[in-house]
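In what follows, a single structure is set out as structure tokens and then discussed.
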Amino acid sequence: MVKIYIDPGHGGNDPGASANGLKEKDLTLSISKRIKKYLDANYSGHTTKLSRSTDKTLTLPQRTNDANSWGADYFLSVHINAGGGTGFETYTYDGKLYERTLKIQSIVHQAVMNQIKGVTDRGAKRKNLHVVREANASACLTENLFIDTKSDADKLKDGKFLDNLAKGHAIGLAKAFDLKGKGGSTNAKPSTKPKPKPSKPTPKPSKPSTPKANLKVDGSWGNATTRALQKALGTVVDGVISGQSRKGQAVNLYGSVTYGTSGSDVIRALQRKIGATVDGSLGPATVRKLQAYLGTSRDGVISTPYSSMVAEMQRKLNSGTF
């Protein structure tokens, strides 16, 4: 079940930009609610949460902390631009889960542009913004036209245009996360008719299977084990655990490890899966969580030359049950 966190920018005591009889906080809430409504009505295999559903004041850390505590798989922040320009643009941050984040940004960006033809495409960009930097999940901030440009503001006053903006966001997210249309296909044309309430609870979609590996179960964490783990968790597959502390447990691996403070995307993905603190570092606390997840002894240490925890992880990667 993919968790999509939708953040209407500003709110409450923070109105954002204001011009042409419009307030950014009102528009972001309206667009965000429409995105959630369209996703929930037309796709399965996900759950959505709004950072705010009313005109409420929230700090930036409150938004990202809430998304991180919820375990969001994606963080989408919706904003309206200002400064006399025109058009649509998106932002990500050069940080966590970078390759995956860029891919999703590109898909969502293009899906929105497909729904708002005639609007200037200002591009998919990168910027050091709190919400895309501090979210543990991949994240994107969208700037939906310019509130202080009359031609853009006129569009933002049109409910049908806001519907198309929301539809573009939703279709992009559905494509990026391979959500199934309620008709059964990812690319099925969503129904525009309201759905009757089901008489019975809708069953949860089945969890996609993990790719099966072909590892030698030797209890030693090397390049092949790292590549299999990366495939299973959906990160870049290069066999490298990057940005690790020399005081952590990565020193006990037999594969490619690079040292530093940036952390590793595959370790972050692993930490989210096992419920550990997400910092990208393979330390004793993460190892204990992994040992608990795998049902082995919990000493926080990757033993060498043989680790029962690593052996069990290899078995589960081989069977596709990790």
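The values are calculated or read from the model by the stated rules, or taken from the named source; none is laboratory data. Remember, it's a predicted structure, so these values are computed and weren't measured experimentally. Cβ placement follows ideal geometry from the backbone for every residue including glycine, while neighbour counts extend to all protein chains displayed.
Would you say K103 is among the basic types (K, R), assigned by TED's automatic domain parsing to the domain that holds K157 and farther than 21 Å from D178 by Cα? Answer is no for this residue. For the range 266-322, taking the residues that are on the phi > 0 side of the Ramachandran plot and touching a residue at least 40 places away in the same chain (Cβ under 8 Å), the one that is surrounded by the most Cβ atoms within 10 Å (Cβ to Cβ) is identified as G280. Is it fair to say P196 is modelled with pLDDT under 90 and closer than 30 Å to N68 by Cβ? No; evaluated as a whole, the condition is false for this residue. Of the strands (runs of 3 or more DSSP E) lying entirely inside the range 1-113, the ones with 2 or more residues being more than 27 Å from K155 (Cα to Cα) are found at 2-8, 46-50. Tell me yes or no: at least one residue of the range 292-311 is within 22 Å of D73 (Cα to Cα), not assigned by TED's automatic domain parsing to the domain that holds E134 and not β-branched (V, I, T). Yes; the residues of the range 292-311 include at least one that is within 22 Å of D73 (Cα to Cα), not assigned by TED's automatic domain parsing to the domain that holds E134 and not β-branched (V, I, T).
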